[in-house]
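The values are calculated or read from the model by the stated rules, or taken from the named source; none is laboratory data. Here the structure is a predicted model, which means the values were calculated and not measured. Methodologically, a virtual Cβ is constructed for each residue, glycine included, from the backbone with ideal geometry; neighbour enumeration extends over all protein chains shown. For accessibility, only protein heavy atoms count, side chains too; no ligands or nucleic acids. Shrake-Rupley method; radii C 1.70, N 1.55, O 1.52, S 1.80 Å.
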Amino acid sequence: MLDIWREKSGYSFGTFEEGITTSISLPLKTTSTTDLKFSIISGNLPPGLSLKNIVIEGTPIEVARPTEFNFVIRATNIITNQISDRTYSILIEGADQPEIITKEDLLPVGPEQTFFILDSSPVNFQIDAIDYDT
């Protein structure tokens with residue numbers, strides 16, 4: 001068995017903000033990785049991130065709510081064919097509030113498009129908003 005990991009399975013790399021470029025080094029006991037190959041064998045990295053040698057890097061895309069991504073990284077010694085797997089997680093946050101796109105101003109909410117209502121009159125007005133979260 002290949003003994004190169006500094007953290008046990010289940011380790012979380014932490015919480016990262018959507019849209020912010022990120023670089024996370026794998027928790028390794030060794031700095032010499034010339035004979036090692038790393039790959040994701042199960043689960044998924046957050047969209048926008050990729051594994052490049054011993055670094056997870058990229059810019060996580062927008063999330064609608066805080067989302068935890070679980071994945072398994074396999075280290076393979078290409079000389080001896082020994083392997084070692086670890087399960088890790090990354091939490092992506094950054095869900096935003098919808099953006100109101102209705103023009104800011106007095107709203108014609110009363111009867112006949114007036115800018116006032118009388119006591120107990122119902123208000124029926126469409127306000128437009130957009131939410132960029134997927």
Picked from segment 1-30 (must be open to solvent by 30 Å² or more (accessible area, probe 1.4 Å) and of a type in the set (D, E, K, R)), the residue farthest from the chain's Cα centre (by Cα) is D3
Flagged pairs (Cβ under 9 angstrom, 6 or more apart or on separate chains; first in segment 47-64, within 18 Å of S25 (Cβ to Cβ); second among the basic types (K, R) and in a strand (DSSP E or B)) are N53/K37; G58/K52
Flagged in segment 90-112 as open to solvent by 60 Å² or more (accessible area, probe 1.4 Å), part of a strand (DSSP E or B) and of a type in the set (A, V, I, L, M, F, W, C), in numbering order, are I100
Could we say that T33 is open to solvent by less than 60 Å² (accessible area, probe 1.4 Å), without any contact (Cβ under 8 Å) to a residue 24 or more places away in the chain and not aliphatic (A, V, I, L, M) here? yes
Of the conditions (1) assigned to a strand (DSSP E or B); (2) open to solvent by 90 Å² or more (accessible area, probe 1.4 Å), the single one that T87 does not satisfy is (2)
Residue hits (segment 113-129; of a type outside the set (A, V, I, L, M), surrounded by 10 or more Cβ atoms within 10 Å (Cβ to Cβ) and either over 20 Å from I100 (Cβ atoms) or in contact (Cβ under 8 Å) with a residue 40 or more places away in the chain (or both)) are T114, F116, S121
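Yes/no per residue for (1) under 30 Å from D128 (Cα atoms); (2) of a type outside the set (S, T, N, Q):
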position: S25; (1), (2): no, no
position: T30; (1), (2): no, no
position: S50; (1), (2): no, no
position: E57; (1), (2): no, yes
position: S89; (1), (2): no, no
position: I92; (1), (2): yes, yes
Condition set over 12 Å from the mean Cα position of the chain (by Cα) and in a loop (DSSP other than H, G, I, E, B), scope segment 54-84, selection surrounded by the most Cβ atoms within 10 Å (Cβ to Cβ): answer is I54
